[in-house]
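The next block holds one structure in the form of structure tokens; read it before the comments.
The values are calculated or read from the model by the stated rules, or taken from the named source; none is laboratory data. These figures come from a predicted structure and were not determined experimentally. Here the Cβ positions follow ideal geometry from the backbone for every residue, glycine too, while neighbour counts run over all protein chains shown. When the accessible area is computed, the model is the full protein with side chains, heavy atoms only, and any ligands, DNA or RNA have been set aside. Shrake-Rupley method; radii C 1.70, N 1.55, O 1.52, S 1.80 Å.
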Amino acid sequence: MTTIQTEKLTKIYGHGATAVTALDHVNVHIKGGEFVAIMGPSGCGKSTLLHLLGGLDKASEGHVLIGGHNLNDLGDDQLTELRRRKIGFVFQFFNLIPVLSAVENASLPVTLDGMKPAEARAKATGWLTRFGMGDRLGNRPDQLSGGQQQRVAVARALIADPELILADEPTGNLDTRSGDEIAGLLRDVSKEFGRTIVMVTHDPRIAAYADRIIFLKDGKVVDETQLERKNGNNAEMLADKIKEIGD
Amino acid sequence: MNLQLTLALRYLNGRRLRTFLTTLAIVFGVLLIFGMNTLMPAFLGSFTANAMAAAGQVDATITNKTGENFPESVAAKVADVDGVVAVSATLERPVNLPADYFDQDASTPDRVTAVTLVGANPDDFRSLTMVNVIEGRYLEAGDGAAVVVTQSLAEAAGLSLGDALTLPSPTGTVDFEIVGVTPQRLLPGNEEVLVSLPVAQKILDAPGMVNTIDANFDSVAETRRAEIEAAITRVLGDNFTIGVLQAGAEILQNIGVAQAILNLLGGMGLLMGGFIIFNTFRTIIAERRRDIGMLRAVGASRRTITRLILIEGMIQGVLGTAAGILFGYGFALITITGIAPIGQQFLNIQVGKPAVTPGLVIASILAGVGITVVAGILPARAASRVTPLEALRPSVGEVTLKRMAGFRFWGGMGMIVIAIAALVSGNAGFIALGAVLFTVGLIVVAPSLVNPIANIFGRFMALIFARQGTAQLAEGNLSRQPSRAAVTASTTMIAMAILVMVGSIISSIMITFTTMMEKSLGSDFLLVPPSVAIWGTNVGAAPALADELRAVDGMAVVSTTRFAGAQIGEVAVGVLGIEPRAYTEVSGLTFVEGDPQAAYQSLEDGRGMIVNGVLATAAGISLGDEVAVLTPSGEQTYTIVGIASDFLNAKTTTAYISQANIATDFGRTEDVFLQMNAKESADLDAVEAGISAAIRQYPQFKLVAGQEFLEQNIGLFDAAMAGFYAMMIFLSVPSLIAMVNTLAIGVIERTREIGMLRAVGATRKQVRTVILAEALILAAIGVAFGLLSGLYLGVMAVSGFSALGFPMEYIFPASSVIATIAVGLIFGALAAIVPARQAARMDVVTALRYE
Ligand SMILES: Nc1ncnc2c1ncn2[C@@H]1O[C@H](COP(=O)(O)OP(=O)(O)O)[C@@H](O)[C@H]1O
Ligand SMILES: [Mg+2]
């Protein structure tokens, strides 16, 4: 199980007068198998943090350690391999390649890694069936609803058995019911397979599925909350907290 | 299946029309290259086969390098060379026959359009060539008007043993009695008509002369033969060639030039295809930024992305090349079928099948597939640099593009400056290179220029549409998507540039050649031989005919042209003998260099020579040079007194000298082309009747009224130009459609934004206006740039033609410019109309959900 750690992680966009500090010396520590949600007002640097964790962007200062490896030390090819084998991504929009079917989209990471097509297909079919998509395997993204598309995206994030899953507002584009389904899926995966999951959301109801919440404001970590599973009012509690921070 | 291949096929299939149009450009380029290169060798092949067949199967055929006659006595010298066992000297001459000569029936195709008159010493001839007589007898020494013909000729002419065979000759028609019939010929080539040498010499007005010596050697060993050939060369000197027949060398050269020009066109087609693919790929990458970013995010390496794009290009390249080769072969086949009768009539050759060589197939594949791959490399590398973040934040990508702009701008400007410098040089090679540099430079510069211009245009539009508040949106869209705008505008620019360039070339060619035609074909009457392209195969007339014509009532002046083959350096030259005074009265050369008056005068003082542009370029001759001309009587030095051309000979390497000189140096007194003017007071019908009577004995000539001939030629010329124009339009159509395509994509991409506009209260009309305004801004930019570059390329092409030896006057293509502006703006509006209507009609909710 992989731990993730950031030290003084800083990201500055642009320079001079127009420079924007999106992340400001952020230190977080995420244990292996933990399901963490990141919350905060719009523009506080949630996506930026997630991108840096996934090696999609370079830090201006500080570093990210994944399983003890410093991402700053990796070249493009090594980062690519890392993304392919160790990390699964789920995004809010544009998750899928429009010309590929559901099963082809879901199997992309392993196909890119050179797995035999039949094997990759079987694996993708397995995940999709588990997510209730067994009858939609051959459909292209434009023939799927938003919730179904996100399920394909989750299946794709899981197919390479990555230790870390990064999700940026995976439910942001969905109705309440579909949103709950996706968040539930992520939690099940976390519990059943011990995957480390970092999910960005601004929806307290969705965040309530996580084990721990990290609150971000103006690029800084301002609070953290460990959630008690038994506590049924997590969502309300989080909503209050967000309001408080937002002020 | 391989993931990249799957993706490539799916993407291509998803945009079938675009795939088709992009591929079409490659198809067209390969078609031209492959088609032309199978066609031309077919001609060359049959042409040389003709020559080879004429040479027969003897060990060596000796001819003068110029193809002209030489004294019989040369044969004796050859016979004396050690190792030569048999020698036969002949006077051979292809005789082009007028249409319907034997059958007198225009409705049936002529089976025989030319024969080769062979004058030989019967015994010598038989010692080298096996001749079986199947009917009658063989020629005997001392035979008069006796002839031996092949069975196939006899059949075609409907003649048999004992009948009379009538052939045109410079001294009027000659009747022969068929005394023998030989088996039909097995090798391709003209039917031979065998007469005794003195008879041939008399008919062809070449007493004591022959033009071919066949010899057999005492050995078949390669080294020994080389020795004997060397010995013969020592004895005869440099003026003779052993082996290949030289007659018609200038037409061989022409076919070569035509092939080069068509290859150039094919190359341009391919380049155009390459550019279209390049642009399409740039669009594709802008369009698929998110897909590519997503692939990168889930673990596709840069190489995978590069390969994905290259495979897409490769598929198009392979399909396009395959189709191009197929169509090219079909094209060659159709052309050959269509052209065979003409080839037989005018070039006197039997054209065979299209000649497909493995080398050509490989070269075509390399060119077709190669250009797509090359065109795809830059975009593919650009695609590989798309970061995963661009899938998530699409605006990130534009930053890198902007950073490139400065570098590209100066690089492109550098190329354009060099191109302009090349134009000044006046050297064909540099100009061609300059044109390429100029085009590439424009393509490179365009994106960095489009942005500022879009802003300016945008402000302008903002003023016009100020009240609707939509123009700012249009401008905003353009500057927010600079790469898209640049791709669209530069595609438009290229399409427009081609139209304007072609317009410039065509109007210049038209004016130049029409003027030349009117000048050189302006006489009242002409006597035209069967082939006006290759004078050497025509049987002309002895000076007696011209004298007779001069005596016709009402005739003012008769100008004649005489022909001889020669060589300057390595270039085969058709030498025309003219009589300057008469010539300038009925016709005239169009001068590029030299003073006409002085030049005509100098033709008659000593050895003056006027050369045409093609020859000047091919042999590197300039005004005032002294050049060594190879003649049957050895090398002679001529002074170049002018560079000028007439219409009929503008395309072949031609030199004009006086008739006195062509008689002295080449022994030619035969008129092959006659132009006549009647007196102003004369009754033209009466004069025509007089001419007809005079040429009754000369069926090799056709009498044409000058006006009619001129119109015929202008008609032919117009048709050729129309074909050329059609071809170029064909070349620019894909880029016009590419332009519509990129504009349309721009709209489709912003569907969501348009929905938003509607949601916040924009009316349908306002949405339509935004899109139309945007398209028109882009089209206007493209047209403006296209006009500028097209005009410039036109100037370049015209001076390129001049440097190649086709001097032309530059004519500003006013009508093309207007047409181009119209076409550009109409296509621009057209490109916007459909998407604009779609966008305006779009359901707000659907629009917002799009993506
Ligand atoms: N490519 C970029 N260039 C400049 N500024 C950026 C860029 N990406 C994000 N930002 C800025 O960084 C800050 C954090 O953005 P982001 O991480 O997307 O926030 P969140 O996801 O929390 O809404 C914002 O102020 C945003 O404007
Ligand atoms: Mg975000």
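Summary table below
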item	result
Conditions (1) touching a strand residue (DSSP E or B) at 6+ places or on another chain (Cβ under 9 Å); (2) within 16 Å of ligand 1 (Cβ to nearest atom): number failed by residue A:82	(2)
The range B:122-157, subset open to solvent by less than 60 Å² (accessible area, probe 1.4 Å) and part of a loop (DSSP other than H, G, I, E, B), residue farthest from residue B:210 (Cα to Cα)	B:133
Tally, over the range A:61-89, of residues that are away from ligand 2 (no atom under 16 Å from the Cβ) and closer than 25 Å to residue A:213 by Cα	15
Failed condition for residue A:106, given (1) free of Cβ contacts under 8 Å to residues at least 40 places away in the same chain; (2) out of contact with any strand residue (DSSP E or B) (no Cβ under 8 Å at 6 or more places or on another chain)	(1)
All positions within the range A:1-51 that are away from ligand 2 (no atom under 16 Å from the Cβ), within 14 Å of chain B (Cβ to nearest Cβ) and under 15 Å from residue A:213 (Cα atoms)	none
Some residue of the range A:155-164 being over 23 Å from residue A:78 (Cβ atoms), away from chain B (no Cβ under 13 Å) and at pLDDT 90 or above	no
Residue tally, condition in contact with a helix residue (DSSP H, G or I) (Cβ under 6 Å, 6 or more places away or on another chain) and open to solvent by less than 10 Å² (accessible area, probe 1.4 Å), over the range A:10-29	1
Filter result for the condition that a residue is away from ligand 1 (no atom under 11 Å from the Cβ) and buried (at least 17 other Cβ atoms within 10 Å of the Cβ), over A:40, A:45, A:54, A:32	A:54
Residue list for the range A:66-95, filter: closer than 18 Å to residue A:182 by Cα and modelled with pLDDT under 85	A:91, A:92, A:93, A:94, A:95
Residues of the range A:185-216 classified as open to solvent by 10 Å² or more (accessible area, probe 1.4 Å) and more than 16 Å from ligand 2 (Cβ to nearest atom), total	14
Pair list, Cβ < 7 Å and 6+ apart or interchain, from the range A:54-76 residues that are under 24 Å from residue A:33 (Cα atoms) to residues that are among the β-branched types (Val, Ile, Thr) and in a loop (DSSP other than H, G, I, E, B)	A:66/A:2; A:67/A:2; A:67/A:3
Per-region count, the range A:194-214, residues assigned to a strand (DSSP E or B), within 14 Å of the chain's Cα centre (by Cα) and away from ligand 1 (no atom under 16 Å from the Cβ)	2
Looking only at the range A:168-177, and only at residues there that are open to solvent by less than 20 Å² (accessible area, probe 1.4 Å) and within 14 Å of another protein chain (Cβ to nearest Cβ), the one that is nearest to ligand 2 (Cβ to nearest atom)	A:168
Some residue of the range A:59-70 being open to solvent by less than 10 Å² (accessible area, probe 1.4 Å), touching a Ser or Thr at 6+ places or on another chain (Cβ under 8 Å) and more than 14 Å from chain B (Cβ to nearest Cβ)	yes
Positions within the range B:579-610 being part of a helix (DSSP H, G or I) and open to solvent by 70 Å² or more (accessible area, probe 1.4 Å), in sequence order	B:581, B:585, B:597, B:601, B:604
Among residues of the range B:653-694, those that are closer than 18 Å to residue B:535 by Cα, of a type in the set (Val, Ile, Thr) and open to solvent by 20 Å² or more (accessible area, probe 1.4 Å), counted	1
Leading residue by the ranking (modelled with the lowest pLDDT) among those in the range B:64-118 that are among the basic types (Lys, Arg) and out of contact with any strand residue (DSSP E or B) (no Cβ under 6 Å at 6 or more places or on another chain)	B:111
Some residue of the range A:109-116 being in contact with a strand residue (DSSP E or B) (Cβ under 8 Å, 6 or more places away or on another chain), of a type in the set (A, V, I, L, M, F, W, C) and away from ligand 2 (no atom under 16 Å from the Cβ)	no
Where a residue in the range B:598-621 is not assigned by TED's automatic domain parsing to the domain that holds residue B:801 and polar (S, T, N, Q) and its partner, wherever it lies, is assigned to a helix (DSSP H, G or I) and at pLDDT 85 or above, with Cβ under 9 Å and at least six apart	B:601/B:580
Filter result (assigned to a helix (DSSP H, G or I), in contact with a Ser or Thr (Cβ under 8 Å, 6 or more places away or on another chain) and either within 14 Å of another protein chain (Cβ to nearest Cβ) or on the phi > 0 side of the Ramachandran plot (or both)) within the range A:107-153	A:112, A:117, A:120, A:121, A:124, A:146, A:147, A:150
Every residue from the range A:57-69 that is within 16 Å of ligand 1 (Cβ to nearest atom) and either within 14 Å of residue A:164 (Cα to Cα) or in a loop (DSSP other than H, G, I, E, B) (or both)	A:57, A:58, A:59, A:60, A:64
Complete set of residues in the range B:339-363 that are modelled with pLDDT of 70 or more and open to solvent by less than 80 Å² (accessible area, probe 1.4 Å)	B:354, B:355, B:356, B:357, B:359, B:360, B:361, B:363
Positions within the range B:364-412 being at pLDDT 80 or above, open to solvent by less than 70 Å² (accessible area, probe 1.4 Å), away from ligand 1 (no atom under 16 Å from the Cβ) and closer than 30 Å to residue A:14 by Cα, in sequence order	B:379, B:380, B:382, B:383, B:384, B:411, B:412
Subset tally (residues that are in contact with a helix residue (DSSP H, G or I) (Cβ under 8 Å, 6 or more places away or on another chain) and crowded, with 17+ Cβ neighbours inside 10 Å) for the range B:537-553	4
